[in-house]
Amino acid sequence: MPDTKKTFDSISSRYDLINNIISFGTHLQWKKDFVNLLEFDGEVLDIATGTGDIAIMIKDRYPHTRVTGLDPSEEMLKIANSRKGERGKIRFVEGYCEKIPFPDSSFDFVTITFGIRNTVSVVDSVKEIGRVLKKDGHLLIMEHTKNESVSFIVKLLYKIYLHSFIPLVGFFFGKLSEYKYLVSSIESFYTPKEVNNILEENGFEVKSNIGCNLGLITIHIANNIKP
């Protein structure tokens, strides 16, 4: 697995543009729908915040929240800070999901979109999220997942998209190796059931799974039930 900090530092300046291209402009709508799933309140931590999309959307939708974005990429966070404008009580902090730099039970909500598959250890990351999340606090994960129930045609088209379109876009922007890693990280990630098992084995109660994009993306909503 490559160094995620270096990888995302290197693509930071074109990250939002490339996301728009490879998602055909749909990723922002997925994120808006994600933010509208729960009523956010209190302290919110957005992990793998990148250039701050989710953190800023939550702050705009729920202005009384106190939002923190966490990401290992300093260059991504520079962009996030430049985008937050005059929004109060929003901060961006450099750090990794496996070692979150906050005390126990600091947050009411934790979100992570398209980021948990890039952690060194999903299990360690889930444990660390449980540590900083208050009892009965909410965890929302949105991620590319393997879904064996999708049709053969969808699987075939998705494989062509992953192995042809995404690398072509990466090549065009001079980031072929970075976007080939993106493809491998998507293909090697878990099924929704496997993610649920990891959550349940590490102190969470899974409330719901929501399939998006023909079932190729899954949103997991879980509560922290630690003692």
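Read-outs: derived from the displayed coordinates by stated rules, not from any lab. Note that the structure is predicted; figures quoted are calculated from it, not measured. Because the Cβ atoms are built from the backbone with ideal geometry, glycine has one as well, and the counts that use them run over all protein chains shown.
Ranking request for peptides 52-61, 26-35: highest mean number of other beta-carbon atoms within 10 Å first, then the rest in descending order.
52-61, 26-35
Go through 43-51, 196-204 and give me the packing order, highest mean Cβ count within 10 Å leading.
Most protected by this proxy first, the peptides run 43-51, 196-204.
Below 8 Å between Cα atoms, with a sequence gap of 6+, how large is the relative contact order for the stretch 73-178 in percent?
Relative contact order, the stretch 73-178: 22 percent.
Report the local net charge at H64: Lys and Arg +1, Asp and Glu -1, summed over other residues whose C-beta lies under 13 Å from its C-beta.
Around H64, the surrounding residues sum to 0.
Can you find, among C212, F24, C97, the residue farthest towards the positive end of the dipole of the chain? Put +1 on the C-beta of Lys and Arg, -1 on that of Asp and Glu.
F24
Binned at 5 Å from 0, what are the whole-percent values of the Cα-Cα distance distribution for the stretch 165-226, short to long?
For the stretch 165-226, the pair-distance distribution reads 4, 16, 19, 15, 14, 13, 9, 7, 3, 0.
What translational diffusion coefficient, to the nearest whole µm²/s, does the stretch 1-105 have by Stokes-Einstein, given a Kirkwood radius computed over alpha-carbon pairs, a temperature of 10 °C and 1.306 mPa s viscosity?
It diffuses with D of about 111 µm²/s by this estimate.
Express in whole angstrom the spacing between the alpha-carbon centres of the stretch 1-52 and the stretch 196-227.
19 Å
With Cβ to Cβ distances under 11 Å as the rule, what net charge do the other residues near K78 carry (K, R +1; D, E -1)?
-4
Of all DSSP beta bridges in the chain, what percent run antiparallel (nearest 5)?
Percentage antiparallel, nearest 5: 45.
With every atom except the alpha carbons ignored, what do you get for Rg and Dmax of the stretch 61-154, in angstroms?
Over the stretch 61-154's Cα set, Rg and Dmax evaluate to 15.4, 48 Å.
Between Rg and the Kirkwood Rh of the chain, both from Cα atoms, what is the Rg to Rh ratio?
Ratio value, two decimals: 0.94.
In straight Cα distance, which aspartates and glutamates are under 20 Å from K180, not counting same-chain residues fewer than 8 positions off?
D3, D9, D16, E143
Would you list which lysines come within 23 Å of K78, measuring only between C-alpha atoms, while excluding same-chain residues fewer than 8 positions from it?
Partners within reach: K5, K6, K31, K32, K59, K89, K99, K175.
When the chain is treated as a GNM, springs tying every alpha-carbon pair under 10 Å, which of N118, N147, N19 comes out with the largest mean-square fluctuation?
Judging by the Gaussian network model, the answer is N19.
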